[in-house]
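Read-outs: derived from the displayed coordinates by stated rules, not from any lab. Worth saying up front: this structure is predicted, and the values here are computed from it rather than measured. Note: ideal-geometry Cβ built from the backbone for every residue, glycine included; neighbour counts use all protein chains shown.
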Amino acid sequence: MDKNNVIHKQISRNIDFLKNFFVQTPDFVIRYLKVANQEQQAALVYLETLTNMDNLYHYLLIPLIYEGIEMDMLYSDCPVGFFQKAKGWNEIQDAILEGKSIVFLENVQFALIFSTQGGPKRAIEESKIETSLKSGHEGFVESKNENIALIRRYIKETNFTIKEICIGTNQQTKVSILYLKGSACEKILQELESRIKKIQGTYILNAGELGELIEDQLYSPFPQFLSTERPDTVALYLYQGRFAILTDQSPSILIAPVCFTDFFKTIDDYSTRLLIANFMRILRYFAFLLAILLPASYISVVSFNYEIIPMQLLLTIGKYRADVPFSPFIEAIIMELSIEMLRESAVRLPSIIGHTIGVVGAIIIGQAAVQAGIVSNMMIIVVASTAIASFIIPNYDMGATIRLIRFPMMILASLFGIIGIVIGIMTIIGHLISLQSLGTPYSQSLFPIQLENRKDFIFRSSLRHLRYLSKKENRNTKQEKKNE
């Protein structure tokens, strides 16, 4: 709508103006009313599918039509923040599309916006991709306001700050940045705001699209934002001075800036005993290396460097591979692609059927492939171990990255043997060192090695020590700001 168009005093002209924009919209409702004891005409407009009809009848229709309450009295009876005045058409259009109701009064050159949003929405339930044994069981939903409310339950701080930015060609998409003022870095905040404001386009449907538009390196396989559906996880990172990025209609929230080791942590690490939590972290890092290197190492050893295998094991591998017509590389590619297709089909099918297909399909395909002589028993063990290791990674995006990286590692191993694996490892390390998240080093938790400042990166220290470090860092941040 044109910002220059002002609201008319005549209701009929305002209604005609709205009809031009809501053409062929059967849920667009117009109701003509008489208020204030039948002395003033009014018009009520709303989208029926997005409106809470109970609020509409309770706070608007019944008081105005049946009780004859004047508008001034209606204001006092409405909940705080339930209505506001609008003087521009853009504001009115946005309000209608959000499920709010608009009241036009005859001979009044402004409209009243009433917060009657409703429509279908999902109840708060546990996240399906970030389950927890000892922490909270609440997950985010598709309402930005409800998600912020869930976070506020964990952060009862007066410096909890929310910045809202409207982006897109028509400024229709609202993005909220959450942080703790005084703990978060102002320079990173300015960089984040600058990137979000530069976004061009008419719409953003979820947080994943937003993350791709503002990340540092588009073609890096590694995720540069941590996506989570848990309010306690968001609260944890906000206390650490990070930023949370929310978009409406998305149950995922982006955390930034992040480093490589953040993707191997879970919220249960802080509610589990210290030794057990650190053991689980070691297991995840080992699974990361296993998922990337095991297929490539098998290809390398069997094809080129078989002299490093113990003789008894070498004879066993040779026995199983005697009837296999393909090279180890082709074997691995066939089985890895089969596993990936099974995994994807299990995700897309209904949960009960998907789990059955995943388990039964893997068993049947593996057994049939061995009996047909397409792959060896040893390759089945390698591929199964690799799949299990990749599923241990707690973050879905990092798990997908690992599954992708092992294919070029297998290619390098098939061409150059162990030297190819070394080349691949050095390439990954070099890429991690050069990668950034919102301008901060992605590998800061790994390089340079400074044990004093690495109390919750690869391993975590005791919670007493972590709380002390947090207070010390806050004091240092405040002192640096005073010096500036």
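So the values come out like this:
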item	result
Order of C166, C259 under a 10 Å beta carbon neighbour criterion, fewest first	C166, C259
Computed Kirkwood radius, in angstrom, where 1/r is averaged over Cα pairs of the chain	26.8 Å
CD proxy at 222 nm, helix term only [per DSSP H run n ≥ 4: -39500 (n - 2.57); per residue of the chain; nearest 500]	-15000 deg cm²/dmol
Chain lengthening between R152 and L213 when straightened (0.36 nm per residue, less Cα-Cα)	19.2 nm
Theoretical gain in end-to-end length, I162 to S194 [0.36 nm per residue, Cα-Cα removed]	9.9 nm
M311 paired with S12, simple spin-label distance in nm, labels 7 Å along Cα-to-beta-carbon	10.6 nm
Packing-based ranking, highest mean first, of 183-189, 91-97, 458-464 given that Cβ atoms within 10 Å are counted	91-97, 183-189, 458-464
Segment 174-229 and segment 356-399: distance between their alpha carbon centers, rounded to Å	36 Å
Distance (nanometres) between label positions extended 7 Å along Cα→Cβ at Q367 and F110	7.5 nm
Overall form of segment 231-390 per C-alpha gyration tensor (a/c, 1.5; a/b vs b/c)	prolate
Label-to-label distance, nm, for residues given as M53 and L404 (7 Å Cα→Cβ offset)	4.7 nm
Between helix 274-303 and the chain: long-axis angle, C-alpha atoms, 0 to 90°, nearest 10	60 degrees
Cα centroid of segment 292-315 to Cα centroid of segment 89-155, whole Å	57 Å
Cα-based Rg and Dmax for segment 168-228, where Dmax is the largest Cα-Cα distance (Å)	12.5, 34
Charge tally in the Cβ shell below 10 Å around S127, where Lys, Arg are +1 and Asp, Glu are -1, S127 excluded	-3
Degrees separating the helix 351-371 axis from the principal Cα axis of the chain, which is the longest one	20 degrees
Estimated FRET transfer efficiency when R0 is 60 angstrom, pair K319-K121 (beta carbons, to 0.05)	0.50
Protection proxy ranking, peptides 13-25, 392-404, average beta carbon neighbours within 10 Å, highest first	392-404, 13-25
Nearest 10 degrees, 0 to 90: helix 377-392 Cα axis against the chain principal axis	30 degrees
Normalised contact order of the chain, rounded percent, pairs of Cα under 8 Å and 6 or more residues apart	13 percent
Theoretical FRET efficiency, 1/(1+(r/R0)^6), r = Cβ-Cβ of T25 and I353, R0 45 Å, to 0.05	0.75
Per-peptide average of other Cβ atoms within 10 Å, ordering 235-248, 297-310, 408-421, 276-289 highest first	235-248, 408-421, 297-310, 276-289
